[in-house]
Amino acid sequence: MTTVHEFGEKIINNIEKVIVGKHDTVELAVIGLMCQGHLLIEDVPGVGKTMLARSLARSLGCTFSRIQFTPDMLPSDVTGVSIFNQVTREFEFRSGPVMAQVVLTDEINRATPKTQAALLEAMEERQITVDGVTHPLPRPFIVLATQNPIEYEGTFPLPEAQLDRFLLRLTLGYPDSLQEIQVLEQQQFRHPLETLEQVATVEEILDAQELVKAIFVADSIKNYIVELNRRTRQHPEVYLGASLRGSLTLYRTGQALAAMRNRDYVLPDDIKFLARPALAHRIILNPSARLRDISADEIIDDIVENLPVPGGDFQV
């Protein structure tokens, strides 16, 4: 899969001109794009969540819009509204910011549940319905939502149904000392985002999305994926385990990761690498686990560590 490998590499290399020292996170963002999924970027302020979304849009040459969610925002502020035209005597649809190819929803948990729900149809069906009229969204279409996991005042936590619609949950984290110095030097005269160039076309994106579907997944890998997902429902510290979307996510992202790493078959290591970002946000812990400060990431790590890895030849 040299075509997908080269496509992924040039996107990642371009984004890393802005996002320093976060190769795995950038790679996961590109995987989300190739799988036609949506990304939840959960981290503290100032680590580059917005810059990651803007860099991805610039690299692809896609239309980009940013929605700053606030408690007083209405669903029509996201999807758009029909306005009566006095001249034509007809209603005209004025599209909202969701009608773009790359949509950044900043601080998504600050909007009310009604406004959050306005994104559900767009994320799942790739369309929006306003006043009974359905409007298709452009292709490719990806939502990158950010939220701050620390500050909860004035927020509305995302419900399980909406969390489940995010393909992957990403975190950036703070850079180390050398990386932070590199950021200072990069921004001495101007922000590197200002000079970031487009390195791919929409046609290349759509082609890559189709090519990753042809990656071979052995039966033993499929069983490994299903068992990994099933054990999230049986873990003693978990109140609600991952849904079927968890297995589908590991399957699709495993294909994309293999293609980006220049393979036409999926390995168990691919699934282990993707387990945390694909499953941790889909499980709800027991109250006792939360009281003991056990995180969803630790639960997934425990399941991966104790699940036997399949052996055999995974190549076609």
Check whether at least one residue in the range 88-97 is in contact with a helix residue (DSSP H, G or I) (Cβ under 9 Å, 6 or more places away or on another chain), farther than 25 Å from Ala280 by Cα and touching a residue at least 40 places away in the same chain (Cβ under 8 Å), and report yes or no.
yes
Checking Phe166, Phe189, Phe156 in turn, the sole residue that is loosely packed, with under 11 Cβ neighbours inside 10 Å, among the aromatic types (Phe, Trp, Tyr) and part of a loop (DSSP other than H, G, I, E, B) turns out to be Phe189
Test Gln86 against the stated conditions and say whether it is closer than 25 Å to Thr249 by Cβ and out of contact with any strand residue (DSSP E or B) (no Cβ under 7 Å at 6 or more places or on another chain).
no
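Take Ala280 and tell me if it is surrounded by fewer than 23 Cβ atoms within 10 Å (Cβ to Cβ) and part of a helix (DSSP H, G or I). Talk me through it step by step, then tell me what you get.
On the way: surrounded by fewer than 23 Cβ atoms within 10 Å (Cβ to Cβ): yes; part of a helix (DSSP H, G or I): yes.
Criteria met by Ala280.
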Here's a check for you: in the range 182-208, which residue that is closer than 16 Å to Glu16 by Cβ and β-branched (Val, Ile, Thr) is modelled with the highest pLDDT?
Val199
Given the criteria assigned to a helix (DSSP H, G or I), within 21 Å of the chain's Cα centre (by Cα) and at pLDDT 90 or above, does Ile225 qualify?
yes
With respect to the numbered conditions (1) farther than 27 Å from Met51 by Cβ; (2) surrounded by fewer than 18 Cβ atoms within 10 Å (Cβ to Cβ); (3) at pLDDT below 85, which one is the sole condition not fulfilled by Val130?
(2)
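Considering each of Arg261, Arg252, Arg231 in turn, give the residue that is buried (at least 19 other Cβ atoms within 10 Å of the Cβ), within 26 Å of Gly8 (Cβ to Cβ), of a type outside the set (A, V, I, L, M) and in contact with a helix residue (DSSP H, G or I) (Cβ under 9 Å, 6 or more places away or on another chain).
Details: Arg261 fails: buried (at least 19 other Cβ atoms within 10 Å of the Cβ); Arg231 fails: within 26 Å of Gly8 (Cβ to Cβ).
It is Arg252.
The values are calculated or read from the model by the stated rules, or taken from the named source; none is laboratory data. Note that this is a predicted model, so its numbers are computed, not measured. Positions of Cβ are generated from backbone atoms using ideal geometry, with glycine treated the same way; all protein chains shown enter the neighbour counts.
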